[in-house]
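Okay, so here's the structure we're looking at.
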Amino acid sequence: MHELRDTFLGKLGVLEYRYSKIIVIAMLVLTLFFGSQSLNLRFESNMMKEIPQNFDVVKTQELITNEFGAEEAIIILLETNLDEVSDIRNKKSLESIYRLEQRLKSRPEILDAVGPGSVYYSLFGGIPDNEIYLKDAAEKMPQLISSDYSAAIVLVRTTSFVYDQASINSIIKIVEEEVEKEELYGLNYEITGTPILIKNLLEILQEDIIKTVLFALLIILILLTLIFHVKSFLVIAPPVLGMIWTTGQLSMMGVPISMATGTFGAIIIGLGTEYGIFMMSRYREEAKKGAPNETRVIAMIAGVGKGTIGSSTTTIAGFVALTFSSMPSVVHLGQTLSLGIINCLIGAFFFLPCLMSLKEWTVSGIEIKNKKLEKKIGKFSELQARKPKSFLLVGIVLTLLLASGMSYIKVVEETEESSLPENSQVMKVFNTLQDKFQRYDSMLVLIESENVLSPNLLKEVYSLNNQLINIYNVEGSSFNLDIKDIYLPKEDLKRRLEVSDSLEYLILRLDVSKGADQLQLYDDIKNVLTMTPLSVQPGGTISMIRELTDIIMPELSKLSTLGLIGILACVMLTFMSVRYGVIPLLAVGVGIMWMMGIAGFMGTTMDSGLVGILSIMAGIGIDFAIQTINRFRLERSPVMVERIVNTVQGIFEPVILSSVVAGFGFMAILAATLNFLDVLGKLLFVGVFSCAAITLLFLPSFLVLQERFFKDTKKLFYSKKKRIEEID
């Protein structure tokens, strides 16, 4: 114990014990301050700000919006009230739909409103009385009137982006106002479309953030109460403090909470609790020996402090790597998690020991290592020390088997439809729309020229359009000119084509079959575009999804490499050894292979929001290996078997407890409603237990072999040196 007291961390422990009251009061004051600041925390609801702004497709999308209005339309779904009307193809209903379209067009915020009423007026100059005309015309607009004639839609396009909650809510209010003013004959209405899905997704995300944090706290509190009984509040104090400090600091820095950072609460609580468990376990270990309270507190800080600092700095390094991403959402995630871990470390290193210094605590609870189990652990670890090659051989075979599952991981980009739960009301309405109407996905082609209505340019556009509509799964195009029509007067061309007011831009809207392989289709369209002499850029949601999908694997590789370099540097500095810096990295690398392999066998899909998962897991999982190596190096026995047995017995309980608490804390993410959060929760859960299993089952054997290797190398070196000296 005197050795620990004389170290730097031991001296820090003495100071904390002496000034514990002052430190606790100061930290509580800071907590109140950061808590008040956290009330101003901003939520980023504009999803377009969460993707790389320097992408050509993003710049194209902004240009399209500025010149033509928002691409994504709000859709008014009009269904017949069977008590009044059975067929929407009646004059009164269609007249009321036309009046609604005109009302919407009169609002300055709305660029255009297209529905069956406008089509009838363009064909007949009004809604005809003749039922045959009504029914025949309806057959020509399957995208506006359903095949069973029970529903119609009105497409509402706005003058600006509708990707943030404020804009979406504003447009919805306008649409609802105009619908309520118009007495729709025999019709009920629902408002749907991609902007509405985005709005609901963001609202659910805000609920999920609160839900996952509360569930994580509840699960961890229950587990800690079982482990430490009523003293569980002491262990959970650092992560709670870390959460409050982090939200306050994020607010002061102007970093918003977004879809990517929505789960930071559960991650920080899980990791912060892990640090507390290691420190509290050491306090309990010293208490069993009958040590005085000061000795217990010093042992908390000096005994596991080095390992805790090492593991937390490596975790921070893994998270800091995320800030080098080209995705703003991942950058914010890296900033948020890094801050969170720093604050949890401060809480575990200062707040928890000072709380324990206030009085001599009796820390009881579940004893994982009873005498029977302790004997079994001793025998198992002795076997690990005596037959390390056999254990490592089993580990290698198991790793190869699990790693084969990585080939089954699917890389896709999630859409609003795939993220929202199928049983939600907004998805039921959206699915009704999909079922009743001949709907297509859309891809845009933006054409730029000094005058897009010049005959020579329109000839090239005509040729390009013919090539595009012949691509498999392209069902049609908004370009509806024959070759003879390109010489029509300018005003006629402007009515028939979608051109900007400046006449510098023309849009082709390509209708894409539902269920088509969008990535392959994008590539096919892009190939055609590369051969045209026109200045063209692809745009729209399909283009954006393709671009984001293309960066997933390169980003994953880049961030993982940076994370591993940072983690390696931190571990080497912690142990002041290259050898002991590499070993934890190998352990967590194998743990990640297990995680990804198991995820592949589970049929997991990954999107751009999960590009940082490997760096996150490396930062989280390396903690177990660092604590094990730290304990191994503290053991002074000259007998290797004894060192391994003491090491495993010393770290078994905290590794099991912290993996259970952190793993099930991450499982709280599964309580979220959104589908992509479900994937994150599963990956973190599997990853934590994979890294814990590697640490307990195979790391001790690896430590034995590497010690033997370096010992034999030293002997060989000194033997050769001695021979050379004798010859000289």
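The values are calculated or read from the model by the stated rules, or taken from the named source; none is laboratory data. Remember, it's a predicted structure, so these values are computed and weren't measured experimentally. As a convention, Cβ positions derive from the backbone with ideal geometry for all residues, glycine included, and neighbour counts pool all protein chains shown.
Only one entry in Ser329, Ser311 is within 24 Å of Gly563 (Cβ to Cβ), assigned to a helix (DSSP H, G or I), in the same structural domain as Leu224 (by TED's automatic domain parsing) and out of contact with any Ser or Thr (no Cβ under 7 Å at 6 or more places or on another chain), namely Ser311. For region 545-589, taking the residues that are of a type in the set (A, V, I, L, M, F, W, C), surrounded by fewer than 16 Cβ atoms within 10 Å (Cβ to Cβ) and closer than 27 Å to Leu9 by Cα, the one that is modelled with the highest pLDDT is identified as Val582. Take Leu250 and tell me if it is more than 30 Å from Ile97 (Cα to Cα), in contact with a strand residue (DSSP E or B) (Cβ under 8 Å, 6 or more places away or on another chain) and modelled with pLDDT of 80 or more. Taking the combined requirement at face value, the residue satisfies it.
Within region 453-479, the set of residues being among the aliphatic types (A, V, I, L, M) and at pLDDT below 90 comprises Val474 only. Close contacts from region 499-528, counting a first residue that is at positive phi and a second that is part of a helix (DSSP H, G or I) and surrounded by fewer than 17 Cβ atoms within 10 Å (Cβ to Cβ), with Cβ to Cβ under 8 Å and a gap of 6+ residues or different chains, come to none at all.
Residue pairs whose Cβ atoms lie under 8 Å apart, separated by 6 or more positions or on different chains, with the first residue in region 19-46 and assigned by TED's automatic domain parsing to the domain that holds Cys344 and the second among the aromatic types (Phe, Trp, Tyr) and part of a helix (DSSP H, G or I), are Ile23/Phe350; Ile23/Phe351; Val24/Phe351; Met27/Phe350; Met27/Phe351; Leu30/Trp245; Thr31/Trp245; Phe34/Trp245. The residues in region 463-487 that are more than 24 Å from Ala73 (Cβ to Cβ) and crowded, with 17+ Cβ neighbours inside 10 Å can be counted, and the count is 2.
Say whether the condition of being over 30 Å from Leu634 (Cα atoms), in a helix (DSSP H, G or I) and at pLDDT 80 or above is met by at least one residue in region 39-62. Within region 39-62, not a single residue is over 30 Å from Leu634 (Cα atoms), in a helix (DSSP H, G or I) and at pLDDT 80 or above.
Among all residues of region 636-655, there is none that is assigned to a helix (DSSP H, G or I), surrounded by fewer than 22 Cβ atoms within 10 Å (Cβ to Cβ), acidic (Asp, Glu) and within 28 Å of the chain's Cα centre (by Cα). Scanning region 120-155 for residues that are touching a residue at least 12 places away in the same chain (Cβ under 8 Å) and at positive phi turns up just one, Tyr149.
For region 314-326, a residue qualifies if it is in a helix (DSSP H, G or I) and surrounded by fewer than 24 Cβ atoms within 10 Å (Cβ to Cβ), and the qualifying residues are Ile316, Val320, Thr323, Phe324.
Here's a check for you: in region 94-153, which residue that is of a type in the set (Asp, Glu) and under 42 Å from the mean Cα position of the chain (by Cα) is farthest from Arg495 (Cα to Cα)?
So, considering only residues that are of a type in the set (Asp, Glu) and under 42 Å from the mean Cα position of the chain (by Cα), the one farthest from Arg495 (Cα to Cα) is Asp148.
Of the residues making up region 427-439, not a single one is farther than 25 Å from Leu548 by Cα, more than 36 Å from the chain's Cα centre (by Cα) and either surrounded by 14 or more Cβ atoms within 10 Å (Cβ to Cβ) or not hydroxyl-bearing (Ser, Thr, Tyr) (or both). From the list Leu614, Leu634, pick out the single residue that is in contact with a Leu (Cβ under 7 Å, 6 or more places away or on another chain) and either closer than 15 Å to Gly307 by Cα or touching a residue at least 40 places away in the same chain (Cβ under 8 Å) (or both). Only one candidate qualifies: Leu614. In the set Ile542, Ile486, Ile525, only one residue is under 28 Å from Met141 (Cα atoms), hydrophobic (A, V, I, L, M, F, W, C), modelled with pLDDT under 85 and touching a helix residue (DSSP H, G or I) at 6+ places or on another chain (Cβ under 8 Å); that residue is Ile542. Restricting attention to region 680-708, the residues being in a helix (DSSP H, G or I) and over 17 Å from Gly270 (Cα atoms) number 15.
Remark: Leu15 falls outside the filter, which requires a residue to be surrounded by 14 or more Cβ atoms within 10 Å (Cβ to Cβ), closer than 30 Å to Ala299 by Cβ, assigned by TED's automatic domain parsing to the domain that holds Phe350 and modelled with pLDDT of 85 or more. Within region 117-137, restricting attention to residues that are β-branched (Val, Ile, Thr) and assigned to a helix (DSSP H, G or I), the residue that is surrounded by the fewest Cβ atoms within 10 Å (Cβ to Cβ) is Ile132. Of all positions in region 394-401, at least one carries a residue that is out of contact with any strand residue (DSSP E or B) (no Cβ under 7 Å at 6 or more places or on another chain), buried (at least 18 other Cβ atoms within 10 Å of the Cβ), modelled with pLDDT of 85 or more and assigned to a helix (DSSP H, G or I).
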